[in-house]
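The values are calculated or read from the model by the stated rules, or taken from the named source; none is laboratory data. Fair warning: this is a prediction, and the values are worked out from it, not measured in the lab. Counting neighbours? That spans all protein chains shown, and the Cβs are built from the backbone with ideal geometry, glycine included. Calculation scope for accessible area: heavy atoms of the full protein, side chains included, ligands and nucleic acids excluded. Shrake-Rupley method; radii C 1.70, N 1.55, O 1.52, S 1.80 Å.
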Amino acid sequence: YIKMPIANFTVVLLLLTTLAPVSFAQTLEKKPETLAPLPLGQLLIVGFKGTRLNDGLEEVIRETKPGGILLFSRNVKSAEQVASLNHAAQTLSKRVTGKPLLIAIDQEGGNVVRIRNTPMLPSALAISKTHDLTVARRAGLATGRLLRSMGINVNLAPVVDVSNPDTDGFLGTRSFGNDARRVSAMTTALAMGLQENGVLPVAKHFPGHGGIVQDSHLVTPTKNESLETLETRELVPFKGF
């Protein structure tokens, strides 16, 4: 996804690849008559400053008619507050556009979580070190259960970057490790757990942030790799998704 700060809002252009039971090609084959051009707003996920609908979000939903909203730590005070906010936003969106919202959040586990609960979900690296796909799936199940209980239906996770945590200053323990096959298996299992609780997973950061030291929120990092390396390493987890 691409974040663009606009005034007091963060706009995210939807360029998401999610794990889905039916491929886009199959959808085209089965129901072409239902595919109509979407209004521009439906291609956007918007972030906002506040914890209530009337903290500016209501105006954006009415005027922009976005496809979704993105929650940050600044939007979270309690489970009850988040659930109330999401319910109000969904109700308004359905009234204004006739469509429900994607409600997204970054809830990876480890040191990247927007909703802090007890016990905290382990980091991706800790999960990977178990070598147990059941643990990864259960992590997805637990996260999906937590998010769905508050009306959140998209998790901007898992991180599928193949990275060495001993040398990578940006991703660190957010990565499932430097073995492409294990990263693929672990992230797919976690994603399945999310889906079992009705939460869409999102594989990030395409085409691979592993080995990059710079923070891509602040700069545009570059990484020189051959196509062969991309196909046999960086893209393996994305293909597994």
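Place +1 on the Cβ of every Lys and Arg and -1 on the Cβ of every Asp and Glu in segment 89-241, take the dipole about the Cα centre, and give the residue among ASN117, LEU235, THR187 whose Cα lies farthest towards its positive end.
Most positive-ward Cα: ASN117.
If the chain between LEU43 and ARG95 were fully stretched, how many nm would it gain, using 0.36 nm times the residue separation less the Cα-Cα distance?
So the chain would gain 16.9 nm between LEU43 and ARG95.
Among 160-166, 230-236, how do they line up by average Cβ neighbours within 10 Å per residue, starting with the highest?
Details: 160-166: 21.6, 230-236: 16.7.
Per-residue Cβ counts within 10 Å, averaged per peptide and sorted highest first, yield 160-166, 230-236.
For segment 41-129, what is the largest minus smallest coordinate of the Cα atoms on each principal axis, given in angstrom and ordered from greatest to least?
For segment 41-129, the Cα extents along the three principal axes come out at 46, 25, 18 Å.
Sorting SER184, SER84 by accessible area (1.4 Å probe), largest first, what list results?
Numbers: SER184 20, SER84 75 Å².
From most accessible down to least: SER84, SER184.
Which whole-percent values make up P(r) of segment 196-241 when all C-alpha to C-alpha distances are grouped in 5 Å steps starting at zero?
Each 5 Å bin holds this share of Cα pairs: 5, 17, 26, 19, 17, 10, 5, 2.
Which values of log₁₀ I(q)/I(0), to two decimal places, follow from the Debye formula for segment 113-241 at q = 0.12, 0.17, 0.21 Å⁻¹ with a uniform point scatterer at every Cα?
-0.43, -0.86, -1.22
Report, in listed order, any pair from LYS99/LYS239; LYS49/LYS223; LYS49/LYS94; LYS129/LYS204 with a Cα-Cα distance greater than 25 Å. Walk me through the numbers on the way to the answer.
Working: LYS99/LYS239 30 Å; LYS49/LYS223 34 Å; LYS49/LYS94 22 Å; LYS129/LYS204 20 Å.
Long pairs (Cα-Cα over 25 Å): LYS99/LYS239; LYS49/LYS223.
Place a +1 charge on the Cβ of each Lys and Arg in segment 175-231 and a -1 charge on the Cβ of each Asp and Glu, then give the dipole magnitude about the Cα centre in debye, rounded to the nearest 20.
Values: 4 positive and 6 negative charges, 20 e Å.
Once rounded to the nearest 20, the dipole reads 100 debye.
Please work out the FRET efficiency for the pair LYS77 and THR167, using the Cβ-Cβ distance as r and a Förster radius of 41 Å; give the result to the nearest 0.05. Walk me through the intermediate numbers first.
Working: r = 38 Å, r/R0 = 0.92.
According to the calculation, E is roughly 0.60.
Return the carbon/sulfur percentage of the accessible area of segment 97-144, one whole number, probe 1.4 Å, all protein chains in place.
Answer for segment 97-144: carbon and sulfur cover 55 percent of the accessible area.
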